[in-house]
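Here, each number is a calculation from the coordinates, and none is a lab measurement. Predicted, not measured: the structure shown is a model, and the values here were computed from it.
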Amino acid sequence: MCLVPGIYVLTGQPKLAEYHFQPALAWVGAVTFALSLWLFYRTHKELGRNWSVTLEIRERHALVTSGVYRRVRHPMYSAFWLWALAQALLLPNWIAGPSGLVGFGILFFLRVHHEEELMIETFGEDYRRYMARTSRILPGIY
């Protein structure tokens, strides 16, 4: 999500995949990126000490179902999807722009199932009921 765009921003490479910069897309991308940062901040704030970079359950781990977790089970992943989309809109390059969507997409689809299995194992029927009334990352859609 960062390596390829970083190389593009710092070196302008690969030039062969560039397209004409579109200010309107950049504005939409900037707003999308700001929204992703806000959502990322909210998820950390609402998770508090429950947050972990690895898939683990902490001592006195609680199931958070309020705030941004009220309608979406994985708002942090939603934030990363928004970040990747913003990157695609902001970088006028067919390789660097969508690289975040590809990179994060792979991580997401490899990880989210395991995370939900861990939550079911830990919280049982409470998590199953939570799953039934929420979406994974996009309210009302997925």
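Quick rundown of the values:
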item	result
Tensor-based shape of the chain (alpha-carbon gyration tensor, a/c under 1.5 rounded, otherwise prolate or oblate)	prolate
Tensor-based shape of region 1-64 (alpha-carbon gyration tensor, a/c under 1.5 rounded, otherwise prolate or oblate)	oblate
Cα centroid separation, region 73-118 to region 1-66 (Å)	8
Region 64-131, relative contact order [Cα under 8 Å, separation at least 6], %	26
Length-normalised contact order for the chain - Cα pairs under 8 Å, 6+ apart - percent	33
Percentage relative contact order, region 1-81, counting C-alpha pairs under 8 Å, at least six apart	32
